[in-house]
Amino acid sequence: ILSNPLTHVRNTAGNWITQGIIQAERNIASTFMGDAQRGGIAEYENIARAFGKTQAYTEMWAAISKSLKQGKLPSIDSQISGNKVEIRPAKFTAANFNIENKAAANFFDFGGKLLTLNRIPTKFLTQADNYFKNLEYRAELYAIAYRDTVRLVRDGKLAKDKAAEYLADLVVNPPKSMTEQAFEAAKYSTFQTKLGTRGDFLDLGAKLQGLKSQSGPAQFFFNYYLPFIQTPTNVAGFVLERFPVANLALKSYRQDLLGKDPVARQQAMAKMMLGTAFFTTVMGMTYGGYATGTSPELGTDFKLKGSKYAMQKTLGYGKGTINIPYGGEIYRINMQNVAFDPVAMAFKQAADLSAIMQMGFKDNDQRDDFVRILTSFI
């Protein structure tokens, strides 16, 4: 998986789009709900957040440019723990297999480097994630510092002429609680939230991780069929948090939306607002034939013969596509190729939901329709 260049294109584009979504939600929250004096998100906090990200961007690219000028491969360090790679390193080495003969050990180590491409794909993924984690960490650090500064000024506890100095000191010397919040925000944006700490039913993925790590000789089998568990689970959670009404199935989201923390509540409301706008748009496109999900109406009826994939191919259906009619033909833009996760996942879910609802409104007094709808949901 990691040796495929498309994996890294998808990872980079997916991280960039995800951070754009998070920034858009902070824009919504700060514009329509901003009220730092009452403990919520501050007015114009989105600008402070963007400034912090720009600072990190400028510093990292300056370091990358310096390394390249020196003829070195750039390395981006991150103080934030967590990684998308779920394989144990140093397995194809002579030391791991207790090979003592020097010539044999050197040959085995060379073979291991060849087999793993000297771990360059793994290192590249790690560097890319460090880059995006640093961006989000600094953005959230500035946002929290700005929010705290505005609140103190509004409360009359900090003079306006001292605000800039106070904010700068808070960014440079943040308290532990502040860094922890920024750390979690960075891991959330790169889908590295540790399973078991999410606070919802998706934490069941941690049990699957445990089963995989304790599988002994069968671990090769698990690594082949379940190479990554944490990342796709967090991607699914990210999309579900923005799925109107369905997001209430997540305990952690309900607690944020209905809890007493004004910041968490406003962020949850912004997710609901952005998600509703996105889902409504795609569902309307599907109704008009301008979008296609995974075509739940195909392959759900027991009368249909053959696989759903075969039916899609035979009928010329797209899968997660925007359909543009032009000159008597239909041109399809595959969202999986241009939007990547999590947008592609949300797009297909919205399109499928629209298709399922349309099935329900057609002859909904017939038993077969209910069977088709039920199996589509499943």
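The values are calculated or read from the model by the stated rules, or taken from the named source; none is laboratory data. In this text the structure is predicted, and so the values were computed from the model without any measurement. Cβ coordinates were reconstructed from backbone atoms using ideal geometry, including for glycine residues, and neighbour counts include every protein chain displayed. Heads up: the accessible areas ignore ligands, DNA and RNA and are worked out on the full protein's heavy atoms, side chains in. Shrake-Rupley method; radii C 1.70, N 1.55, O 1.52, S 1.80 Å.
Worth a mention:
- Filter result (aromatic (Phe, Trp, Tyr) and open to solvent by 30 Å² or more (accessible area, probe 1.4 Å)) within region 123-151: PHE124, TYR131, TYR137, TYR142, TYR146
- Residue match in region 289-305 (condition: at pLDDT 85 or above and more than 25 Å from ASN15 (Cα to Cα)): yes
- Look at region 341-369: where a residue is more than 13 Å from THR294 (Cβ to Cβ) and a partner is open to solvent by 80 Å² or more (accessible area, probe 1.4 Å) and modelled with pLDDT of 90 or more, sitting 6+ places away or on another chain with Cβ atoms under 8 Å, you get GLN358/TYR287.
- Residue under evaluation GLY275, criteria (1) at pLDDT below 95; (2) more than 22 Å from LYS194 (Cβ to Cβ), criterion not met: (1)
- Answer from ILE99, ILE76, ILE120, ILE87 - the residue that is open to solvent by less than 30 Å² (accessible area, probe 1.4 Å) and at pLDDT below 80: ILE76
- Qualifying residue in region 214-233 (condition: touching an Asp or Glu at 6+ places or on another chain (Cβ under 9 Å), modelled with pLDDT of 90 or more and open to solvent by 50 Å² or more (accessible area, probe 1.4 Å)): no
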